[in-house]
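Take a look at the structure set out below.
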Amino acid sequence: MAKISYKLVFNRKKNLNKEHKALIQIEIYEAGKRKYISTHIYLYEHQWDYKKRMIRKHPNADALNFYLYEKITCLEAAELSLWRQNNDISISNILSLAERKIFEPQSFIGFAADHIKYSNIKESTKKNRLSTIKLLQLFSPHISFGGINENWLHAFENYLLQVRGLQCNTVAKHLNHIKIFINAAEKKNIWHYERSPFSCFQIRRKPVARAFLSVKELELLETWSNKHHNTKSCQFIDAFLFCCYSGLRFSDFCTLTSNNFEQECDTQWLILHTQKTSTEVRLPLHALFHGKCLRLLDKYKGQLNKFFRLGDNSNTNKLLQRTCQQIGIHKHVSFHTARHTFATLLLQQGVNISTVQKLLGHRHIQTTQIYGAVTDRTIIEDLMSAR
């Protein structure tokens, strides 16, 4: 029996496409015969290591190399399966078996876990998506790609709602993660079905009222902070107030250093690239809410690094909620409420929505317009209560 070998080949035809990229193929060799299989991965020439036959200098190099390794492993597994069954081992039989069986070498959960592990996403996002994996392991630990259809999605949705007792939008988050995993499988040529199960399944969400604090409620927090200025609770209340007056997300606040602040003439700017979208945001602190951010910075002068380090978002939100209840603010308050407060109060003051969009670092004006709807509702409520 002739030995069959597999190897990765880049730019076999010595021809780059319009984007100046070339294809990676798997070469299957048997007794002078060669068959080439597309991996559907295109690279620039400098991103391929010819000696080691692997991807380098690519933002997703680890994940792509793992994917290529899995492809070859699948073919080798098909060859081994033919040998164990005493079937004819040929390139055509290996490919035939691989198309029917081997390109689904692991369960859907196994694929999803690997996709999370090798994705170029933030650790917090990985942790969030891993929560979906844990629920899948409880509901359907051996689910295959073929087992995921519209009926299965409905069953999983009901399990999350009725058995786990999750809220509608939390369920939507987990279903959206599954959609992300399936889209990734399609891109990697692992999903071999005519259509996605989500083509006939709609992820249901409920509109959420965006809580924000009024000027009076912010004054309550400021008064409390002044009375408890030497406590740990005071630090995260001040941090929350800083975000209310700057519009920063929790993740952005916690990455601040003194290098983010620049003095230009008589103006102190807070300049950063947001963690979520990498958008540059420039905030003139003296012009926002009468410079209240500057007073908070002065309060922690010489201790800014300590001020900006709050620890875990979840625990910080629990402490914030508890303190707000004690003060007399009976709303569901989290650090993201600060961002809603910033946008809503500026719009109520008559600041142009395009300016608010720029201050928030939103890429699309439609995202900022949500706060405009909140403001309209608030105006109506205020007018009705004044009757």
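With θ set to phi - 60° and the Karplus curve 6.51 cos²θ - 1.76 cosθ + 1.60, what are the ³J(HN,Hα) couplings of segment 124-136 in order, to the nearest whole Hz, using x for Gly and Pro?
5, 5, 4, 4, 5, 6, 5, 5, 5, 4, 4, 5, 4
When the expected Rg is taken as 2.2 N^0.38 Å, what fraction or multiple of it is the alpha-carbon Rg of segment 224-277? Before the final figure, lay out the partial values.
Details: Rg = 13.1 Å, N = 54, 2.2 N^0.38 = 10.0 Å.
After normalising by residue count via 2.2 N^0.38 Å, the value is 1.30.
May I ask you to give the solvent-accessible area per residue for the chain, in square angstrom, as obtained with a 1.4 angstrom probe? Kindly include the intermediate steps, with their values, before the conclusion.
Values: 22040 Å² over 387 residues.
That works out to 57 Å² for each residue.
Whose amide H sits under 5 Å from the amide H of residue 268, counting only residues 5 or more places off or on another chain, with H placed in the peptide plane?
It is 285, 286, by chain and number.
Would you mind listing how long segment 143-198 runs along its three principal axes, going by Cα atoms, in whole Å with the largest first?
The Cα atoms of segment 143-198 stretch 35, 17, 15 Å along their principal axes.
Express the carbon and sulfur contribution to the solvent-accessible surface of the chain as a percent, rounded to the nearest whole number, probe 1.4 angstrom.
Details: 10980 of 22040 Å².
That share works out to 50 percent.
Could you give the radius of gyration (one decimal) and Dmax (whole number) of the Cα atoms in segment 1-107, in Å?
14.8, 46
Is there a quick way to get the dipole size of the chain? I mean about its Cα centre, with the Cβ of Lys and Arg at +1 and of Asp and Glu at -1; what is the value in debye to the nearest 20?
On the way: 55 positive and 32 negative charges, 113 e Å.
Once rounded to the nearest 20, the dipole reads 540 debye.
Starting from the Cα gyration tensor of the chain, multiply each eigenvalue by 5, take the square root, and state the resulting semi-axes largest first in whole Å.
Values: eigenvalues 552, 136, 70 Å².
Over the Cα atoms of the chain, the ellipsoid semi-axes are 53, 26, 19 Å.
What residue among 125, 289, 42 has its Cα farthest toward the positive end of the dipole of the chain, where the charges are +1 on Lys, Arg and -1 on Asp, Glu, each on the Cβ?
The Cα lying farthest towards the positive end belongs to 42.
Please work out the Cα convex hull volume for segment 159-269 and give it in Å³ per residue.
So the per-residue hull volume is 244 Å³.
For segment 260-345, what ratio Rg/Rh do Cα atoms give with a Kirkwood hydrodynamic radius?
Values: Rg = 14.8 Å, Rh = 15.0 Å.
Dividing the radius of gyration by the Kirkwood radius yields 0.99.
For a quick check: with amide H placed at 1.01 Å from N, whose amide H comes under 5 Å from residue 41's, ignoring anything fewer than 5 positions away on the same chain?
Distant-sequence amide H within range of residue 41: 24.
What percentages, rounded to whole numbers, describe P(r) for segment 204-311 computed over all alpha carbon pairs with 5 Å bin width beginning at zero?
Here the calculated profile for segment 204-311 is 2, 10, 21, 23, 19, 13, 7, 2, 1, 0, 0.
Report the percentage of all Cα-Cα pairs in segment 1-59 whose separation exceeds 16 Å, rounded to a whole percent.
Details: 792 of 1711 pairs.
Of all Cα-Cα pairs in segment 1-59, 46 percent lie more than 16 Å apart.
Can you give the Rg to Rh ratio of segment 174-229, both from alpha-carbon atoms, with Rh computed by the Kirkwood formula?
1.46
Cα-Cα over 28 Å: which of 51/126; 3/187; 276/318; 173/299; 71/276?
Numbers: 51/126 33 Å; 3/187 31 Å; 276/318 23 Å; 173/299 39 Å; 71/276 33 Å.
Violating the 28 Å limit, Cα to Cα: 51/126; 3/187; 173/299; 71/276.
Which value in Å does the Kirkwood hydrodynamic radius of segment 42-200 take, with 1/r averaged over all unlike C-alpha pairs and then inverted? Don't skip to the answer; put the middle values down first.
Working: mean 1/r = 0.0568 Å⁻¹.
Radius from the Kirkwood sum: 17.6 Å.
The values are calculated or read from the model by the stated rules, or taken from the named source; none is laboratory data. What you are looking at is a predicted structure, and each value in this text was computed from that prediction instead of being measured. Positions of Cβ are generated from backbone atoms using ideal geometry, with glycine treated the same way; all protein chains shown enter the neighbour counts. The area values use the complete protein model at the heavy-atom level, side chains included, leaving out ligands, DNA and RNA. Shrake-Rupley method; radii C 1.70, N 1.55, O 1.52, S 1.80 Å.
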